[in-house]
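Visitor: Here it is, the structure, as structure tokens.
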Amino acid sequence: MQSSKLPLPKFPSPIESDESSDYSTIQPDGRIRSYPHVRGQWTTFVYSELPDDSLIDLSDCISSCGSDIQLIENIHVSMVRGHYALSFHQITPFVTGLRDKLSICQAFDIYLSVFKLFTNEESTRSFICLCEPKLMVDSVNTRTSRYVLDLIKQTLDDYNAKVESTIAPSNQNLCLDDFTFHTSIAWCLPGADKSASNLIAQLNELLDEPIKVHVDTIKINTGNICHTISLKDRT
């Protein structure tokens, strides 16, 4: 078992550590906290890391767009939709149970190639996401990746851990079967959606080929602790 203490990652919508029950507070950068804090619960993220240099050129393009669109630090490939929180006593059995399930799964590849604009259900923030296209390809790689997603979601659901509904493409409704791997690379407030849409068109032109992400580890961040689960090498 590998684990290490890390600073709380700056993921898109973490639950802050204060104990306030006021969940309509406007943050300094204009974001609106849209769900209540629950004392003793820890926001839990399940994700895979991206290569450090995979989006450098695209990040430079986003940075040139001004202050309306903000880059997201510590970008990662999401393994779940929505946000989850665990009580302290649930963390160890959750991590242990998920490790037991995933450690027998093979590593797999993700190909991110399409930029899309996603908006959270409360319409308080939009995200520029680089996504895996929805491909109807039946392969060992595809079946493995979907199986891993199912195991993660089922395990989280066993703990009734969901605290916020998902983000979805702007002006569209999504069901759970529509989930695709994605990384959120920037965010903006609703007033900047037009600028974000224009930026997405530019980014799709700039992306010459899919970005391949080899997933051989799954990360679980809960509180300030990061757990790493290794997948089996492909033979």
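Visitor: Can you find, within the stretch 44-57, the residue that is surrounded by the most Cβ atoms within 10 Å (Cβ to Cβ) among those that are modelled with pLDDT of 80 or more and in contact with a Leu (Cβ under 8 Å, 6 or more places away or on another chain)?
Guide: VAL46
Visitor: Next up: Name every residue in the stretch 179-193 that is at pLDDT 85 or above and in a helix (DSSP H, G or I), in order of residue number.
Guide: ALA192 - this is the single residue of the stretch 179-193 that is at pLDDT 85 or above and in a helix (DSSP H, G or I).
Visitor: Looking at the stretch 171-178, can you tell me whether even one residue there is assigned to a helix (DSSP H, G or I), modelled with pLDDT of 85 or more and not β-branched (Val, Ile, Thr)?
Guide: There is no residue in the stretch 171-178 that is assigned to a helix (DSSP H, G or I), modelled with pLDDT of 85 or more and not β-branched (Val, Ile, Thr).
Visitor: Among all residue pairs at least 6 apart or on different chains, which show Cβ distances below 9 Å where the first residue, located in the stretch 55-79, is under 22 Å from ASN221 (Cα atoms) and part of a loop (DSSP other than H, G, I, E, B) and the second is aromatic (Phe, Trp, Tyr) and at pLDDT below 80?
Guide: ILE72/PHE11; GLU73/PHE11; ASN74/PHE11
Visitor: Of the conditions (1) under 27 Å from GLU132 (Cα atoms); (2) among the polar types (S, T, N, Q); (3) at pLDDT below 90; (4) surrounded by fewer than 17 Cβ atoms within 10 Å (Cβ to Cβ), SER103 satisfies every one except a single condition; which number is it?
Guide: It fails just one condition, (3).
Visitor: Check SER103, SER123 and return the single one that is in contact (Cβ under 8 Å) with a residue 24 or more places away in the chain, within 25 Å of ILE220 (Cα to Cα) and among the small types (Gly, Ala, Ser).
Guide: Sole residue among the options that is in contact (Cβ under 8 Å) with a residue 24 or more places away in the chain, within 25 Å of ILE220 (Cα to Cα) and among the small types (Gly, Ala, Ser): SER103.
Visitor: If I filter the stretch 120-141 for residues that are in a loop (DSSP other than H, G, I, E, B), at pLDDT 85 or above and surrounded by 15 or more Cβ atoms within 10 Å (Cβ to Cβ), do I get at least one hit?
Guide: So far as the stretch 120-141 goes, yes, one or more of its residues are in a loop (DSSP other than H, G, I, E, B), at pLDDT 85 or above and surrounded by 15 or more Cβ atoms within 10 Å (Cβ to Cβ).
Visitor: Same structure again: Out of the residues in the stretch 142-162 that are surrounded by fewer than 19 Cβ atoms within 10 Å (Cβ to Cβ) and modelled with pLDDT under 80, which is farthest from LEU71 (Cα to Cα)?
Guide: Checking each candidate, the answer is ASN160.
Visitor: Would you be able to tell me the number of residues in the stretch 211-235 that are among the hydrophobic types (A, V, I, L, M, F, W, C), under 22 Å from VAL95 (Cβ atoms) and under 16 Å from the mean Cα position of the chain (by Cα)?
Guide: Matching residues across the stretch 211-235 total 4.
The values are calculated or read from the model by the stated rules, or taken from the named source; none is laboratory data. This one's a predicted model, so the numbers in the text were calculated from it and none came from an experiment. With ideal geometry, Cβ positions are generated from the backbone for all residues, glycine too; neighbour counts draw on all protein chains shown.
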